[in-house]
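In what follows, a single structure is set out as structure tokens and then discussed.
The values are calculated or read from the model by the stated rules, or taken from the named source; none is laboratory data. If you're wondering where the values come from, they're calculated on a predicted model, not measured in any experiment. Neighbour counts run over all protein chains shown; Cβ positions are idealised from the backbone, glycine included. The accessibility values were calculated without ligands, DNA or RNA, using every heavy atom of the protein model including side chains. Shrake-Rupley method; radii C 1.70, N 1.55, O 1.52, S 1.80 Å.
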Amino acid sequence: MRPAGEVRQALLRACAELAAPERGATLREMAHRACVGVDAARRTVSDMHRARQIMAVGWRKVDYRNRPVAEYAPAAPEQSAGFVDLADVMASWGG
């Protein structure tokens with residue numbers, strides 16, 4: 001798998017910095033914080049949402065658009081079904 005590009009990394013970092021428990025970050029807020037163009041951010045955020053790196057957590061009414069915009073937050077890291085912590089295994093094996 002290819003490593004994430006600079007735009008994706010910057011947008012993910014911006015999403016994590018801007019998201020709060022009561023509200024998420026909009027696409028424009030993430031683009032502004034990450035110093036990325038809105039068009040590039042729109043495509044990348046769509047890809048990140050499809051890849052489940054970020055998730056839509058709500059909608060917000062904004063003054064620059066007639067319809068509410070989505071708010072995003074970083075997705076919680078998922079653990080695979082068969083994940084076992086090696087430290088736990090070693091601790092139980094050793095005694």
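Of the residues Arg60, Arg8, the single one that is charged (D, E, K, R), open to solvent by less than 70 Å² (accessible area, probe 1.4 Å) and in contact with a strand residue (DSSP E or B) (Cβ under 6 Å, 6 or more places away or on another chain) is Arg60.
Can you pull out every residue in the range 24-34 that is under 15 Å from Ala70 (Cβ atoms) and either basic (Lys, Arg) or free of Cβ contacts under 8 Å to residues at least 24 places away in the same chain (or both)?
Arg28, Glu29, Ala31
Count of the range 19-34 residues, restricted to those that are at pLDDT below 95 and open to solvent by 60 Å² or more (accessible area, probe 1.4 Å), is 3. The residue pairs whose first member lies in the range 1-23 and is polar (S, T, N, Q), whose second member is assigned to a loop (DSSP other than H, G, I, E, B) and loosely packed, with under 10 Cβ neighbours inside 10 Å, and whose beta carbons are closer than 9 Å, counting only pairs six or more residues apart or on different chains, are Gln9/Pro3. Restricting attention to the range 35-55, does a residue exist that is open to solvent by less than 90 Å² (accessible area, probe 1.4 Å), under 18 Å from Pro77 (Cβ atoms), part of a helix (DSSP H, G or I) and free of Cβ contacts under 8 Å to residues at least 40 places away in the same chain? Checking the range 35-55: at least one residue is open to solvent by less than 90 Å² (accessible area, probe 1.4 Å), under 18 Å from Pro77 (Cβ atoms), part of a helix (DSSP H, G or I) and free of Cβ contacts under 8 Å to residues at least 40 places away in the same chain.
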